[in-house]
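Participant: I'd like to ask some things about the structure below.
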Amino acid sequence: MQHEKLNAVDACGAVVERNVGVSEQLSATGQYTVTCVGADGQIKWEDTFKNLVVTVGKNDLLDKYFTGSSYTATWYLGLVDGASAPTYAAGDTMASHAGWTENTGYVASTRPAPTWNAASSGSKATNATSFSINATSTIAGAFMTTDNTKGGTSGILYSAGNFSGGNRAVASGDTLNVTYTASV
């Protein structure tokens, strides 16, 4: 006589995991694209470069967004002079930016205001803003501010940056088309 024994065992297990370390960072960044078009209508050069969003620009962004009231501002683009090797610091303001100077060798009597497209996928871009160059000079990059005064030192400085390929020569009759894309 054979005996079979069967020991039935049931096992059940469950694991519950949760992500207690969810973290997301928001960082204000951006880039400029500048296209130089000669008097003959031909593209002479183009450069796309990242910028430094300065502390006062970040603070202005946060103060205006989280205030909960309506906010309107007009932004203006400017050109950075390339007579030296410009440098930027997080503490730069329109009143104090020892590492760079503005280039004002263009026809308009004030800094031009870009027009903005609708935000999409965490970015907001301007349409091309034109500078009609009226002096032979060297340009190092671009900046954005709330002051339209050409050479002015008031208003909020948002960002500034240098061309990725070094300073660029421009001649009277050239047009610089500048776009800016802000990202978070």
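Participant: Could you work out how far helix 55-65 tilts from the main Cα principal axis of the chain, as a 0 to 90 degree angle to the nearest 10?
Facilitator: Its long axis makes an angle of about 70 degrees.
Participant: At most 11 other C-beta atoms within 10 Å and a DSSP loop state: those are the exposed chymotrypsin sites (Phe, Trp or Tyr not before Pro) I care about. Give me the longest piece of the chain that has none.
Facilitator: Numbers: sites that count: F66, Y71.
Answer - 72-184.
Participant: Could you list the square roots of 5 times each eigenvalue of the Cα gyration tensor of the chain, that is, the equivalent ellipsoid semi-axes, sorted largest first and rounded to whole Å? Each step should come with its number before you reach the end.
Facilitator: Working: eigenvalues 554, 86, 46 Å².
For the chain, the ellipsoid semi-axes come out as 53, 21, 15 Å.
Participant: So, one more: Among A160, A89, A119, determine the one that fluctuates most according to a GNM of the chain built with springs between C-alpha atoms less than 10 Å apart.
Facilitator: Among A160, A89, A119, the largest mean-square fluctuation in the Gaussian network model of the chain belongs to A119.
Participant: Label segment 85-184 by shape, choosing from rounded, prolate and oblate, from the square roots a ≥ b ≥ c of the eigenvalues of the Cα gyration tensor; if a/c is under 1.5 it is rounded, and otherwise prolate applies when a/b is larger than b/c, oblate when it is not. Before the final figure, lay out the partial values.
Facilitator: Details: a/c = 1.44, a/b = 1.17, b/c = 1.24.
Verdict is rounded for segment 85-184.
Participant: So, one more: Of G82, W116, L157, whose Cα points farthest to the positive end of the dipole of segment 80-184 (charges on the beta-carbon: +1 Lys, Arg; -1 Asp, Glu; origin at the Cα centre)?
Facilitator: With unit charges placed on the Cβ atoms, the residue in question is W116.
Participant: Whole number in Å², please: accessible area per residue of the chain, 1.4 Å probe, ligands, DNA and RNA not counted.
Facilitator: Values: 11050 Å² over 184 residues.
For the chain, the per-residue accessible area is 60 Å².
Participant: Roughly to the nearest percent, how much of the accessible area of segment 68-184 is carbon and sulfur, given a 1.4 Å probe?
Facilitator: Details: 2600 of 5110 Å².
In segment 68-184, the share of accessible area belonging to carbon and sulfur is 51 percent.
The values are calculated or read from the model by the stated rules, or taken from the named source; none is laboratory data. What you see is a predicted model, and the numbers here were worked out from it, not measured in a lab. Because the Cβ atoms are built from the backbone with ideal geometry, glycine has one as well, and the counts that use them run over all protein chains shown. With ligands, DNA and RNA removed, areas are computed over all heavy atoms of the protein, side chains included. Shrake-Rupley method; radii C 1.70, N 1.55, O 1.52, S 1.80 Å.
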